[in-house]
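The values are calculated or read from the model by the stated rules, or taken from the named source; none is laboratory data. Quick caveat: nothing in here was measured; it's all calculated off a predicted structure. Don't worry about glycine lacking a Cβ; one is built from the backbone with ideal geometry, like all the others, and counts go over all protein chains shown. Note: areas computed on protein heavy atoms with side chains; ligands, DNA, RNA excluded. Shrake-Rupley method; radii C 1.70, N 1.55, O 1.52, S 1.80 Å.
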Amino acid sequence: MLLSIIILVSPIGTEVLHDAFFCGEQLSRSIAQPVAFIGFAILTSICVIEWLVRSIISKRRARGATV
């Protein structure tokens with residue numbers, strides 16, 4: 001999750017966000033919006049997968065090792 005925050009506040013991430021939503025040119029917005037939405041989807045899926053893995057690991061540790 002920390003990686004997604006770092007990506008969003010990096011100069012490249014802020015430039016993509018600016019071009020996608022705040023740029024005055026329609027062509028630039030049309031090109032950058034799909035890139036921004038795909039990036040959001042990828043970062044969100046990474047965060048969800050990380051949360052699921054952490055919850056599975058914590059449940060296994062609470063249950064104990066049954067090998």
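Numbers at a glance
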item: Rounded percent of accessible protein surface that carbon and sulfur make up, the chain, 1.4 Å probe; result: 73 percent
item: Helical contribution to [θ] at 222 nm, DSSP H n ≥ 4, -39,500 (n - 2.57), averaged over the chain, rounded to 500; result: -29000 deg cm²/dmol
item: The chain: angle of helix 11-21 to the longest principal axis, Cα-based, in degrees nearest 10; result: 60 degrees
item: Average accessible area per residue (Å²) across the chain - probe 1.4 Å, nucleic acids and ligands excluded; result: 82 Å²
item: The chain: chymotrypsin sites (Phe, Trp or Tyr not before Pro) in DSSP loop, at most 10 other beta carbons within 10 Å; result: PHE22
item: Given charges at beta-carbon only (K, R positive; D, E negative), |dipole| of the chain in Debye; result: 720 debye
item: Top positive-direction residue, dipole computed over the chain with Cβ charges, set THR14, ALA62, THR44; result: ALA62
item: Under 15 Å, Cβ to Cβ, from PHE21 - net charge with Lys/Arg +1 and Asp/Glu -1; result: -2
